[in-house]
Structure formats: C-alpha cells, structure tokens
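Some notes on the structure that comes next.
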Amino acid sequence: MKLSSNKLKKKCILIKLVITDVDGVLTDGGMYYSDKGDIMKKFHARDGMGVTLLRKEKIPTIIITKEKTKIVKEWSKKMSINHLYDGIQNKSSLLTRITQKYNLQPENIAFIGDDVNDMELLKNVGLSVTPNDAILEAKQISDYVCKNVGGNGAFRELVDLILSSKKL
C-alpha cells in the first residue's frame with residue numbers, strides 16, 4: 001500500500017518505538033556455515049548506527065525473531081537493543097505485551113519485516129515497512145518499501161525516515 005508522502009510523515013511523527021526482524025532485514029538473509037557447522041551472519045554498520053540514533057532520540061528498538069542464535073544475542077547486547085524476543089513463532093502475539101510495557105498504542109510502533117511470519121505484525125502497527133527484497137505480499141501491505149535491501153541499510157533507511165519526519 002503506497003502512502004502519500006504527507007500521510008507517511010504523519011505516521012512517522014507518531015512513532016515512539018521500532019521493532020525489527022533479523023534475517024532478511026538486519027542481515028541479507030543468508031546463513032553462512034563454517035566447516036565446524038557454526039552459523040555466521042553479516043550485519044551492516046549503518047543499521048547499528050540507526051539503533052544508536054534512535055536511542056539518542058529516546059526511541060527504543062526491539063528485535064523479534066524466529067531464530068534463536070548466539071550471534072543475534074551478541075549483536076543485540078553490543079547495540080544496546082532494548083529487548084530481544086528470540087525463538088518467536090507468532091510475532092504479532094507480542095504486540096499487546098509491548099504496548100503495555102512501554103505504555104504505547106499500536107500506532108506509536110513501527111515494524112520492519114520481510115517474510116510471511118512478519119505479515120500479521122506488519123498489519124497491526126502504526127508504520128509497516130519492508131526492505132526492497134521482501135516478499136511481494138509483505139511489500140503490498142506495507143506503508144513503505146525501502147530502497148535498500150535487507151542487510152544493506154534497510155533498517156537505517158527506516159530510522160532516517162522516522163527521524164527526518166520528526167524534525168520537520
């Protein structure tokens with residue numbers, strides 16, 4: 001769903017918390033295996049800076065991911081992510097818990113996701129966003145489709161969109 005730039009800015013102004021998926025958003029979705037069977041993931045430095053920029057504006061960042069890996073735990077800790085929910089099959093089931101914990105309404109929350117398990121949450125937040133290489137169905141229901149692909153600055157693009165809207 002394409003929004004006019006005016007409607008998009010109005011949605012961005014209301015955002016007080018950002019939720020992100022990991023695989024396909026913060027990473028390129030690839031799972032790199034070492035000869036010892038270790039899974040490795042590549043995170044983009046600009047996305048990490050996006051978390052820092054949100055924190056400076058007192059906007060919490062939450063990760064909700066289906067995977068449960070040490071790599072994501074370590075990255076979350078390093079980036080001072082406010083909360084990591086890992087091993088979550090039904091991501092939208094956490095929306096009420098998050099709104100209550102942070103005393104917010106769904107319209108105060110942005111979510112960036114890329115695949116079928118993100119669809120329900122994309123439908124129920126104030127600002128829904130996908131990387132450019134998300135599945136078509138997710139792109140069709142989102143308020144904004146990033147120019148960047150997952151793992152290559154899509155999260156930072158969302159952050160810049162929110163923060164620039166709030167400064168106008």
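Residues in the range 96-107 include at least one that is farther than 19 Å from Asp160 by Cβ, of a type in the set (A, V, I, L, M) and open to solvent by 10 Å² or more (accessible area, probe 1.4 Å). Checking each residue of the range 139-150 against the condition of being in contact with an Asp or Glu (Cβ under 7 Å, 6 or more places away or on another chain), open to solvent by less than 10 Å² (accessible area, probe 1.4 Å) and among the small types (Gly, Ala, Ser) gives at least one match.
So, Ile59, is that one surrounded by 23 or more Cβ atoms within 10 Å (Cβ to Cβ) and under 18 Å from Phe111 (Cβ atoms) or not?
no
When Arg46 is tested against (1) over 29 Å from Lys166 (Cα atoms); (2) of a type in the set (D, E, K, R); (3) modelled with pLDDT of 95 or more, only condition (1) is not met. Just the residues that are crowded, with 20+ Cβ neighbours inside 10 Å and modelled with pLDDT of 95 or more, please, taken from the range 9-23. Of everything in the range 9-23, those that are crowded, with 20+ Cβ neighbours inside 10 Å and modelled with pLDDT of 95 or more turn out to be Lys11, Cys12, Ile15, Leu17, Val18, Ile19, Thr20, Asp21, Val22. The residue that is nearest to Ile15 (Cα to Cα), among those in the range 46-85 that are without any contact (Cβ under 8 Å) to a residue 60 or more places away in the chain and in contact with a Lys or Arg (Cβ under 6 Å, 6 or more places away or on another chain), is Ile64.
Only residues that are open to solvent by less than 10 Å² (accessible area, probe 1.4 Å) and in contact (Cβ under 8 Å) with a residue 60 or more places away in the chain: list them for the range 111-125, please. Once the filter is applied, which keeps residues that are open to solvent by less than 10 Å² (accessible area, probe 1.4 Å) and in contact (Cβ under 8 Å) with a residue 60 or more places away in the chain, the range 111-125 yields Phe111, Ile112, Gly113, Asp118, Leu121. Any residue that is within 13 Å of the chain's Cα centre (by Cα), hydrophobic (A, V, I, L, M, F, W, C) and either closer than 27 Å to Thr99 by Cα or surrounded by fewer than 16 Cβ atoms within 10 Å (Cβ to Cβ) (or both) - is there at least one of those in the range 31-49? Looking for residues that are within 13 Å of the chain's Cα centre (by Cα), hydrophobic (A, V, I, L, M, F, W, C) and either closer than 27 Å to Thr99 by Cα or surrounded by fewer than 16 Cβ atoms within 10 Å (Cβ to Cβ) (or both), one finds none in the range 31-49, hence no.
The values are calculated or read from the model by the stated rules, or taken from the named source; none is laboratory data. Treat the numbers as computed from the prediction; the structure is a model and nothing was measured. Heads up, the Cβs are rebuilt from the backbone with ideal geometry, glycines too, and the neighbour counts pull from every protein chain shown. Just so you know, the surface numbers come from the protein's heavy atoms only, side chains and all, with ligands and any DNA or RNA stripped out. Shrake-Rupley method; radii C 1.70, N 1.55, O 1.52, S 1.80 Å.
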